[in-house]
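J.: Take a look at the following structure, please.
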Amino acid sequence: MSFFIPRKTSRRQMLRSLMGGGVVSLALPFLDCFLNTNGTALASGAPMPVRFGTWYWGMGHTPKRAVVEKQSTGPGIEFLEETASLIPHKDKMTYFGNFNMPLDGRSNYTHHSGWVVVRTGSAPEAGGDVPAPTLDLLIGDVIGEGARFRNLDVTSVGIARENYSARNTYNRAGAEVDPVALFDRIYGPEFADPNKADFKPDPAVALRKSVLSAFTEETKDFVKTLGATDRQRLDEYFTSIREVENQLSLQLQKPEPNEACVVPERPREQKEDEYIRVREMDSVVDTHKVMAKILAMAVACNQTKIFNLVFTDNFANVRRVGETYTHHLLTHEEAIDSEIGYQPLTYWFNKSAMDGLATYIDILDGIPEGDGTLLDNCLVMATTETNYARLHTIDGVPAYLIGGAGGRVKQGMYVAGGGDPITRVGLTAMQAMGVPVQTWGTKSLETSKPITEILA
Amino acid sequence: MSFKTYIRSCTAIALTASLFFLSACSEPEPATNGAPPDMRLLTSEQYRNIIHDVFGEHIEIAGRFDPLVRTDGLFAVGARSAPITPKGFEEYYNVARSIARQVVNEENKLVLIPCEPVDASRADEACSRQFFTDVGRALYRRPLTDSELETAVDASGKVADELGGFYEGVEFGLTGLLVTPNFLFIIDATEQDSSAAGGVRLTGYAKASRLSFLLWNTSPDDMLLEAAAAGDLHSEKGLVREVDRMMNSIRLERGVRAFFEDFLDLERFENLEKDTIIYPAYSINAAESAKEQLLLTIVDHVVDKDAAYPELFTTRETFMDEHLGRIYKIPVTRPDGGWERYEFPADDRRAGILTQMGFLSLFSHPGKSSPTLRGKAVRELLLCQKVPDPPAEVDFSLFNDPNAPSRTARDRLTAHSTAPSCAGCHKLTDPIGLGFEQFDSIGQFRVAEQGVEIDPSGDLDGLAYSDAKSLAQAMHDHPGAPACLTNQMYSYAAGRAPGRGEREFVRYLEANFSESGHSLKVLLRNIASSDALYMVTKPEQGPDGVRAASLKDSSNKERGS
């Protein structure tokens, strides 16, 4: 697996090459002069964009090996051996412990109800059911304008269906599974490099948009022929068209210079012997790292404001080479080692997931932006579907909010849920991102109580 | 059912010249009430088939459309509720651009565009009109309306003049056509019909699409569209004529493959993964061959031989290639690495599709077999029985004894069944799955697991078996198997599960299927030529209270209809 090497160009190098090349039109890269004096806003006065992301791992934590449970909310998260790799980042995140998922008598559809509740605020009525939009899309509806992609969904386990971002059961896009396809989608010919010296809009792009609009107008009459359900589907279709029209419009505009945006190197194609190992944990870790870098830079390059990354899926279809059991099967079948008090192989997988999260945080925090980093201007919600996978426990499901959200949230906090519904975390995230929502969730999951202790 | 419909069945019977089928006209088709018209998103396979049929198989289609949701056991039913997401539209748009570019490139334009522009550096309305008239009819499965045609011609003309190229204009216009709902969705257009129970019926073109996607998994050909235009599909004679023509086409194989890919959930092959340390014989090639072996066996059996469906579970005839030879440990002699017919010896441990690598590997874990997954697949896919979801609050420590000696799957699952909360479901699945335990996760034969001899005996709903081969015989004899196939094939054809008013019709299909000796072709023909398949009610009321109009009622008249 190859990793991209950011092409960092110093301002001096750029000026020298431009002068040497005799280029006449010159657009300066995104420099401090474009920021206000304290680096928190663009010189135009517009605030630095704040973005929202999710990160998913399957199978939760190993009890008593991840985070020291506390009875009260306050600064300081005590990570244990499973989450040791998060220690360097403890001041850039908040941990939520002891939040519950009341299902009001509905079944706990194993490995499904958990993620659905955390992300939609509603319990599913059946396996596979997604009863409400996931919160990333609700946030995207508010902040997503102005970027090329309304959201980018990526998974490192090679299964496109494993995307925990959906409008409903059926409106659930496939995630990007291939690093090369992800790269090409973002940085292919349609990518407008904000730091490129000259910009010439392609006249064909305007024509494409015009043709698309003509066919869309023509289609609108067709809606009259449909029943109510299908009209709804056509509305979704027209929304989707607008996204592509938006992409075409952006191609006609010169992007704002952006020093943080450094186009990564295109990853190499996977070989067959790698493809066949796509869900071996070592391979997942490599793929995740490559895709995380591509995705993070897409955020920095203002290609999207909503970004979702799945490390492992809700059934953890990942395995360790030579082992007969997948991570999921191990959670149920592996015996608890009486000496150490937990399932050792399951623990290894859980720890690998947290190492993956640490890698992701490193990547986001390693991209300079303004006077801080990209992570400072993002809020990433890291969630799973269960507290203790061996028993499919959903009460006490762990959750993290990572990043500063442009100064809108406090970090380094431990939040004790005291058995409150987990929807309080989602409501807090949405309010931090500027979604005008006072109440979120249904039935016993409904809450109008954001966690004010972490809102700045 | 009307007397005319009864006559139609008998006409079809006469055409098949099948003694089994002759008995099928003993009962008339029960009346049904249909369902509101709907629109189904094209599957990836249908999209590919249409493009290849219209423009040729050399057109490359590179892209990954959004996955459909399997509903009532079929993606064909999920397609009825599938929207086009922003990511999905982006993909359709990019694929459309790529297809349109290829159609007008130097290599293809003289073949695929039926006329040459007077001046290739600017718009040519006549040539453009000819192209979009022909291609539009093939892509929309009906002639374009005047307005639709003008949109395509005007848009391409504008591009041609702006960019200085006729073919660029065609490229842009074709891209537009390929992303409209009229192409991407199979639409149940309706028209007034005072003789119909609900006052409406499917248009001839909508009937043609329903028929064509069922039998060929692609859009109607010219002859079917002509029959639709002439109104032939509204008459029993015309419909049966077209059904028979299509049943005798080589394209029927494509339709049957598509049904079984959906019915058996073969999409799972896309994400199949095995541990190559544990199973060195496994490879991506072997997995692809396993899927193809299943489909070759099925098509050979139910289409080419028109043999009884239940015998798919017992047939010793199949096909082999070099990749499978390594799994089955059978020398494959064909020098070019292609497929060759193979018949398992009478005393072999294998018989039927359930003992092929495809089924055995698809319903196993990456590193071990799974009697539970295999049993669940048999129950749900082949017998249409719902196995309840596992309970959440299960403490596996109750029956996971870390100090127990190495055990077989039967030992482990017997332990599972001691937990009352697990026993109910495991008793449904495991007795079936344990019958396949002599085949490992990739379908290799074995006699022992961890040194302990495997006991593959059990019973299937009271039908005792001693090993996989006799389990296959039990499946052959199970009355639920043909009933399930009947139900699912009708669901597949209609894009929805049968409604309450269709239960009698499904029983009628089952009876005819049985009387035909379980000929799948007879079942398919009965569905395709039935009244029920095309029966619709009025569209749902719109949210604004406006009664939904039909395409024929709108101001845009269909051309040539």
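The values are calculated or read from the model by the stated rules, or taken from the named source; none is laboratory data. Note that the structure is a prediction, hence the values are computed from the model and not measured. When we count neighbours, we look across all protein chains shown, and the Cβ atoms used for this are built from the backbone with ideal geometry, even at glycine.
J.: Select, from B:ALA228, B:ALA286, the only residue that is surrounded by 22 or more Cβ atoms within 10 Å (Cβ to Cβ), of a type in the set (A, V, I, L, M) and more than 14 Å from chain A (Cβ to nearest Cβ). Let's see the steps before the verdict.
T.: Working: B:ALA286 fails: more than 14 Å from chain A (Cβ to nearest Cβ).
Sole residue among the options that is surrounded by 22 or more Cβ atoms within 10 Å (Cβ to Cβ), of a type in the set (A, V, I, L, M) and more than 14 Å from chain A (Cβ to nearest Cβ): B:ALA228.
J.: If you take just the helices (runs of 4 or more DSSP H) that sit entirely in the range B:455-518, which of them hold at least 2 residues that are of a type in the set (Phe, Trp, Tyr) and under 20 Å from the mean Cα position of the chain (by Cα)?
T.: B:480-494
J.: Among the residues of the range A:166-216, which ones are farther than 29 Å from A:PRO257 by Cα, polar (S, T, N, Q) and touching a Pro at 6+ places or on another chain (Cβ under 9 Å)?
T.: A:ASN168, A:THR169, A:ASN171
Residue-wise test of (1) within 12 Å of chain A (Cβ to nearest Cβ); (2) modelled with pLDDT of 95 or more; (3) more than 26 Å from B:ILE186 (Cα to Cα).
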{"site": "B:PHE21", "(1), (2), (3)": "no, no, yes"}
{"site": "B:PRO37", "(1), (2), (3)": "yes, no, no"}
{"site": "B:LEU41", "(1), (2), (3)": "yes, yes, no"}
{"site": "B:ILE51", "(1), (2), (3)": "no, yes, no"}
{"site": "B:PHE55", "(1), (2), (3)": "no, yes, no"}
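J.: Moving on to the next point. Which numbered condition in (1) more than 7 Å from every other protein chain (Cβ to nearest Cβ); (2) under 26 Å from B:PRO539 (Cβ atoms); (3) not hydrophobic (A, V, I, L, M, F, W, C) is the only one that B:SER147 fails?
T.: (1)
J.: Kindly check whether there is at least one residue in the range A:128-149 that is at the interface with another protein chain (Cβ under 9 Å from one of its Cβ atoms) and out of contact with any Ser or Thr (no Cβ under 7 Å at 6 or more places or on another chain).
T.: Within the range A:128-149 (the criterion being at the interface with another protein chain (Cβ under 9 Å from one of its Cβ atoms) and out of contact with any Ser or Thr (no Cβ under 7 Å at 6 or more places or on another chain)), the answer is no, since none of the residues qualifies.
Table: residues versus (1) assigned to a helix (DSSP H, G or I); (2) under 22 Å from A:TYR164 (Cα atoms).
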{"position": "B:ILE59", "(1), (2)": "no, no"}
{"position": "B:PRO67", "(1), (2)": "no, yes"}
{"position": "B:ARG97", "(1), (2)": "yes, no"}
{"position": "B:GLU106", "(1), (2)": "no, no"}
{"position": "B:ASP119", "(1), (2)": "no, no"}
{"position": "B:ARG122", "(1), (2)": "no, no"}
{"position": "B:THR133", "(1), (2)": "yes, no"}
{"position": "B:ALA138", "(1), (2)": "yes, no"}
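J.: Next question, about the same structure. Find the residue count for the range A:319-353, including only residues that are more than 13 Å from chain B (Cβ to nearest Cβ) and under 15 Å from A:TYR388 (Cα atoms).
T.: Within the range A:319-353, the subset more than 13 Å from chain B (Cβ to nearest Cβ) is A:347-353.
Cutting the leftovers down to under 15 Å from A:TYR388 (Cα atoms) gives us A:347-351, A:353.
Number satisfying all stated conditions: 6.
J.: Can you name every one of the helices (runs of 4 or more DSSP H) wholly within the range B:157-256 that holds 1 or more residues which are in the same structural domain as B:GLU116 (by TED's automatic domain parsing)? Working first, answer last.
T.: Working: elements: B:166-178, B:181-184, B:204-215, B:222-229, B:236-247.
Because the criterion is at least 1 residues that are in the same structural domain as B:GLU116 (by TED's automatic domain parsing), the helices (runs of 4 or more DSSP H) in the range B:157-256 that meet it are B:166-178, B:181-184.
J.: Quickly run through the range B:282-311 and pick out the residues that are outside any helix (DSSP H, G or I) and at pLDDT 95 or above.
T.: Filtering the range B:282-311 for residues outside any helix (DSSP H, G or I) gives B:282-283, B:305-308.
Residues satisfying the conditions are B:LYS305, B:ASP306, B:ALA307, B:ALA308.
J.: Residues that are within 23 Å of B:ALA96 (Cβ to Cβ), more than 14 Å from chain A (Cβ to nearest Cβ) and β-branched (Val, Ile, Thr): does the range B:195-218 have at least one? Before the answer, list the steps.
T.: Let us first name the residues in the range B:195-218 that are within 23 Å of B:ALA96 (Cβ to Cβ), namely B:205, B:209, B:212-213, B:216-218.
Then drop every residue that is not more than 14 Å from chain A (Cβ to nearest Cβ), which leaves B:209, B:212-213, B:216-218.
Going one step further and asking which of them are β-branched (Val, Ile, Thr), we end up with B:218.
Yes, the conditions are met somewhere in the range B:195-218.
J.: Further question: Of all the residues that make up the range B:266-283, how many are within 13 Å of another protein chain (Cβ to nearest Cβ), touching a Lys or Arg at 6+ places or on another chain (Cβ under 7 Å) and of a type outside the set (Ser, Thr, Tyr)?
T.: 4
J.: What number of residues within the range A:150-200 satisfy the criterion of being away from chain B (no Cβ under 11 Å) and acidic (Asp, Glu)?
T.: Of the residues in that region, 2 qualify.
J.: Might you check whether a residue that is farther than 30 Å from A:VAL180 by Cβ and within 14 Å of another protein chain (Cβ to nearest Cβ) occurs anywhere in the range B:111-128?
T.: Yes: one or more hits.
J.: Output the number of the condition that B:VAL256 fails; it satisfies all remaining conditions of (1) crowded, with 20+ Cβ neighbours inside 10 Å; (2) on the phi > 0 side of the Ramachandran plot.
T.: The one condition B:VAL256 does not meet is (2).
J.: Let me ask another. Go through (1) away from chain A (no Cβ under 14 Å); (2) of a type in the set (A, V, I, L, M, F, W, C); (3) surrounded by 20 or more Cβ atoms within 10 Å (Cβ to Cβ) for B:VAL170 and report which single condition fails.
T.: The single condition B:VAL170 does not satisfy is (1).
J.: Sticking with this one: Of all residues in the range A:211-229 being under 22 Å from A:ARG148 (Cα atoms) and more than 7 Å from chain B (Cβ to nearest Cβ), which is surrounded by the most Cβ atoms within 10 Å (Cβ to Cβ)?
T.: Among them, the one singled out is A:THR216.
J.: Which residues, counting only those in the range A:174-214, are in a helix (DSSP H, G or I), over 18 Å from B:GLY63 (Cβ atoms) and over 30 Å from the mean Cα position of the chain (by Cα)? Before you say what the answer is, go through the steps one by one.
T.: Of the range A:174-214, the ones in a helix (DSSP H, G or I) are A:179-187, A:203-214.
Within this subset, residues satisfying the condition of being over 18 Å from B:GLY63 (Cβ atoms) are A:203-207, A:209-211, A:213-214.
Those that are in a helix (DSSP H, G or I), over 18 Å from B:GLY63 (Cβ atoms) and over 30 Å from the mean Cα position of the chain (by Cα): A:PRO203, A:ALA204, A:ALA206, A:LEU207, A:SER210, A:VAL211, A:SER213, A:ALA214.
J.: Return only the number of the condition from (1) surrounded by fewer than 21 Cβ atoms within 10 Å (Cβ to Cβ); (2) touching a Phe, Trp or Tyr at 6+ places or on another chain (Cβ under 9 Å); (3) in contact (Cβ under 8 Å) with a residue 24 or more places away in the chain that B:GLN192 does not satisfy.
T.: All conditions pass for B:GLN192, except number (2).
J.: Within the range A:431-456, which residues are crowded, with 21+ Cβ neighbours inside 10 Å and under 22 Å from the mean Cα position of the chain (by Cα)?
T.: Once the filter is applied, which keeps residues that are crowded, with 21+ Cβ neighbours inside 10 Å and under 22 Å from the mean Cα position of the chain (by Cα), the range A:431-456 yields A:ALA432, A:MET433, A:TRP440, A:GLY441, A:ILE451, A:ILE454.
J.: Here is a further query. A:GLN232: among the polar types (S, T, N, Q), surrounded by 20 or more Cβ atoms within 10 Å (Cβ to Cβ), under 27 Å from A:GLU145 (Cβ atoms) and within 13 Å of chain B (Cβ to nearest Cβ), yes or no?
T.: no
J.: What pairs come up if the first residue lies in the range B:303-318 and is more than 14 Å from B:ALA474 (Cα to Cα), the second is part of a strand (DSSP E or B), and their beta carbons are under 6 Å apart, counting only those six or more places apart or on different chains?
T.: Every condition considered, the pairs that remain are B:ASP306/B:SER519; B:ARG316/B:GLU343; B:GLU317/B:GLU343; B:THR318/B:TYR342.
J.: I've got another one for you. Can we say A:MET381 is part of a strand (DSSP E or B) and either in contact (Cβ under 8 Å) with a residue 40 or more places away in the chain or outside the structural domain of A:THR73 (by TED's automatic domain parsing) (or both)?
T.: For A:MET381, the condition - part of a strand (DSSP E or B) and either in contact (Cβ under 8 Å) with a residue 40 or more places away in the chain or outside the structural domain of A:THR73 (by TED's automatic domain parsing) (or both) - is met.
J.: If you scan the range A:67-94, which residues turn out to be in contact (Cβ under 8 Å) with a residue 40 or more places away in the chain, in contact with a Lys or Arg (Cβ under 9 Å, 6 or more places away or on another chain) and either of a type in the set (S, T, N, Q) or outside any helix (DSSP H, G or I) (or both)?
T.: Listed by number, the residues that qualify are A:PRO75, A:GLY76, A:ILE77, A:GLU78, A:THR83, A:SER85, A:THR94.
J.: Within the range A:130-138, identify whether any single residue is at positive phi and either hydroxyl-bearing (Ser, Thr, Tyr) or in contact (Cβ under 8 Å) with a residue 24 or more places away in the chain (or both), and answer yes or no.
T.: Taking every residue of the range A:130-138 in turn, none turns out to be at positive phi and either hydroxyl-bearing (Ser, Thr, Tyr) or in contact (Cβ under 8 Å) with a residue 24 or more places away in the chain (or both).
J.: Just one of (1) away from chain A (no Cβ under 11 Å); (2) under 25 Å from B:GLY56 (Cα atoms); (3) without any contact (Cβ under 8 Å) to a residue 60 or more places away in the chain trips up B:THR180, so point out which.
T.: Tallying (1) away from chain A (no Cβ under 11 Å); (2) under 25 Å from B:GLY56 (Cα atoms); (3) without any contact (Cβ under 8 Å) to a residue 60 or more places away in the chain, B:THR180 fails exactly one: (1).
J.: When you check A:LEU401 against the structure, is it in the same structural domain as A:GLY97 (by TED's automatic domain parsing) and either over 19 Å from A:SER156 (Cβ atoms) or touching a Lys or Arg at 6+ places or on another chain (Cβ under 8 Å) (or both), yes or no?
T.: Yes: the conditions hold for A:LEU401.
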